[in-house]
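The values are calculated or read from the model by the stated rules, or taken from the named source; none is laboratory data. This structure is a prediction, so every number in the text was calculated from the model and none was measured. Virtual Cβ from ideal backbone geometry, glycine too; neighbours counted across all protein chains shown.
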Amino acid sequence: MAKRITASMLSRQLSGWDADEGALHSLLACAIRKVIRSGAIAPRSTLPSQRELAQVLAVSRTTVGHAYQELADEGWIVTRHGSGTRVRATKLRSGPLAEDDRLGTYTAPTGPLDLSSGVLQTSPLFGKALRSRWVQDLRRLSFNDRFMPWGIDELREAVAQYYTDLETLTEPAQILATNGSHHALTLVTACMLEPGDTVLVEDPTYRGALDVFSRRGVKVIGVDCDDNGPIPGELATAIRKHSPRLIYAIPAAHNVTGVTWSPRRRRQIAEIIIQTGVPLLDDGSTADLSAGDHPGHMASLLPDNLTITVGSLTKLFWSGLRVGWIRGPEPLLKAALNARVTSDLAGSIPSQLLTATCLPTAPEARTLRRSELIPASRTAETLLSEWLPSWTFSPYHGGACLWVDTGIDTVALASRLRRENILIVPGSEFSPIDRWRTHIRVPLGNPGLLEIALPRMAATVRGVDSASTVSACS
Ligand SMILES: Cc1ncc(COP(=O)(O)O)c(C=O)c1O
């Protein structure tokens, strides 16, 4: 029930809040956020005034003011003149910062300087596909008035050929079309995981997958990685300890680290999977962005019953196609088919046809992407060294971004930058346990944007340097 929370009631819930290192206001915001998330304070309850809380906690009123501002920016609380500060009835889904709202930046009104997305510019090869004879094919398909929830034959055949060309022999019957690989992840999750099940992920990983798993009520455990992929010993231990139902991984051009598993690591992970029988959900969405040759998919090393692969042409051609697929064993595909019919009946035929038209030119599109991304990464590296020389990162080895260690608390930084209309995603969004609080993802899709944004970010960082030391609050 909503009530008025006094400063002493709140302070009891916050015991030890300032034990970690870091800016006091961030530690305080973090502790209050935890109390709200735990349900200990009911929605619509009124929080103590800044003055009362500052007095009880023996901090300045400014510290409490900044903490409240951070929570308001994230959508947890709202302050109204005359009626005080209240906990929101439902947390607003507009901010990029809160733990259970990892895809908030997709729906947030974007500022002019949006560095939150890893989306790439549309490939010129997409224009070529538009000029091809796909419209005639579409006319032919339009005489068919049935839904096609499996996907049109042209697409399933083209996807099967795409995998076969990468040494993963595939039949069209092994492919179910979806509305993008995120949709594919959602369907696989709905069919393979029950609330309470455990899934292992690389830490860090794709924030969208974390969102899908958490909405399903699945327990997510992170596995440590090095520059070659997940550390085999850590993976084996985590399997023994947690008995997961599934391992979710991004083996090539990882979103966010850019890492591609080495051939040796791929074999080691495949052995662990075969020995333990825990299936791998291989997210191949970024695999076409390896800086070197395409490494192929894990399905070429694993039996069909132990591997599910999802993919799309979002990275290679255009994010607006919204077509993806699942390559998997028949029982899973049938279950996913039923789940997709319930949610959307079937996918768009024009988009599938365009995707099928693009797919045979994937090798050319990969070369083109490399010719854009490698110079873009150099530009980003130069700008970072010039404007933010204390920030560190590994040299680019693939993917759509650089994974940068800023050395400061990026949750607080993101909050500040948002007030200046610059949108970034703090590193903790990519972790199941809010690690990587000093990291950010610097996207490479629009180097011109970085030229404007990085000097402005540098000015902000200089302005708040001492106040934004990393806080260990998680
Ligand atoms: C690893 C990974 N998986 C899935 C997706 C979702 O892609 P799609 O546009 O195909 O839904 C993305 C998009 O950024 C991604 O990076």
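Below, the figures for the structure above:
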{"quantity": "Residues within the range 73-87 that are surrounded by fewer than 16 Cβ atoms within 10 Å (Cβ to Cβ), in a loop (DSSP other than H, G, I, E, B) and at negative phi, tallied", "calculated": "2"}
{"quantity": "Top-ranked residue in the range 309-335 [being among the basic types (K, R) and near the ligand (Cβ under 9 Å from one of its atoms); ranked as nearest to P172 (Cα to Cα)]", "calculated": "R322"}
{"quantity": "E21, sole failed condition from (1) free of Cβ contacts under 8 Å to residues at least 12 places away in the same chain; (2) part of a loop (DSSP other than H, G, I, E, B)", "calculated": "(1)"}
{"quantity": "Among the residues listed as E21, E70, the single one being surrounded by fewer than 14 Cβ atoms within 10 Å (Cβ to Cβ), within 29 Å of the chain's Cα centre (by Cα) and not assigned by TED's automatic domain parsing to the domain that holds T410", "calculated": "E21"}
{"quantity": "Candidates A31, A23, filtered to the one that is aliphatic (A, V, I, L, M) and out of contact with any Ser or Thr (no Cβ under 7 Å at 6 or more places or on another chain)", "calculated": "A31"}
{"quantity": "Cβ-Cβ under 9 Å pairs, at least 6 apart or on other chains, the range 155-169 side over 13 Å from A362 (Cα atoms) and of a type in the set (S, T, N, Q), far side surrounded by 21 or more Cβ atoms within 10 Å (Cβ to Cβ) and at pLDDT 95 or above", "calculated": "T168/H297; T168/M298; T168/A299; T168/T309; T168/R327"}
{"quantity": "Lone unmet requirement of (1) closer than 14 Å to L113 by Cβ; (2) more than 16 Å from the ligand (Cβ to nearest atom) for V425", "calculated": "(2)"}
{"quantity": "Candidate set from the range 256-277 (those that are assigned to a loop (DSSP other than H, G, I, E, B) and free of Cβ contacts under 8 Å to residues at least 40 places away in the same chain); member that is surrounded by the most Cβ atoms within 10 Å (Cβ to Cβ)", "calculated": "W261"}
{"quantity": "Pick from the range 336-348, criterion outside any helix (DSSP H, G or I) and aliphatic (A, V, I, L, M), ranking: nearest to the ligand (Cβ to nearest atom)", "calculated": "A346"}
{"quantity": "Breaking point among (1) polar (S, T, N, Q); (2) in contact (Cβ under 8 Å) with a residue 12 or more places away in the chain; (3) out of contact with any strand residue (DSSP E or B) (no Cβ under 7 Å at 6 or more places or on another chain), for T392", "calculated": "(3)"}
{"quantity": "The range 1-16, subset assigned to a loop (DSSP other than H, G, I, E, B) and in contact (Cβ under 8 Å) with a residue 24 or more places away in the chain, residue farthest from T63 (Cα to Cα)", "calculated": "M1"}
{"quantity": "Filter result for the condition that a residue is surrounded by 24 or more Cβ atoms within 10 Å (Cβ to Cβ) and more than 12 Å from the ligand (Cβ to nearest atom), over L302, L354", "calculated": "L354"}
{"quantity": "Condition met for I433 (crowded, with 19+ Cβ neighbours inside 10 Å, within 22 Å of the chain's Cα centre (by Cα), modelled with pLDDT under 95 and not hydroxyl-bearing (S, T, Y))", "calculated": "no"}
{"quantity": "Every residue from the range 426-460 that is closer than 17 Å to C30 by Cβ, assigned to a helix (DSSP H, G or I) and among the charged types (D, E, K, R)", "calculated": "E429"}
{"quantity": "Count of residues meeting criterion [at pLDDT 90 or above and of a type outside the set (D, E)] in the range 103-131", "calculated": "15"}
{"quantity": "Total residues in the range 44-60, condition over 36 Å from the mean Cα position of the chain (by Cα) and among the basic types (K, R)", "calculated": "1"}
{"quantity": "The range 115-150, residues that are of a type outside the set (G, A, S) and within 16 Å of the ligand (Cβ to nearest atom)", "calculated": "L115, V119, L120, Q121, T122, F126"}
{"quantity": "Residue count for the range 305-325, restricted to those that are crowded, with 22+ Cβ neighbours inside 10 Å and either more than 26 Å from G445 (Cα to Cα) or among the polar types (S, T, N, Q) (or both)", "calculated": "5"}
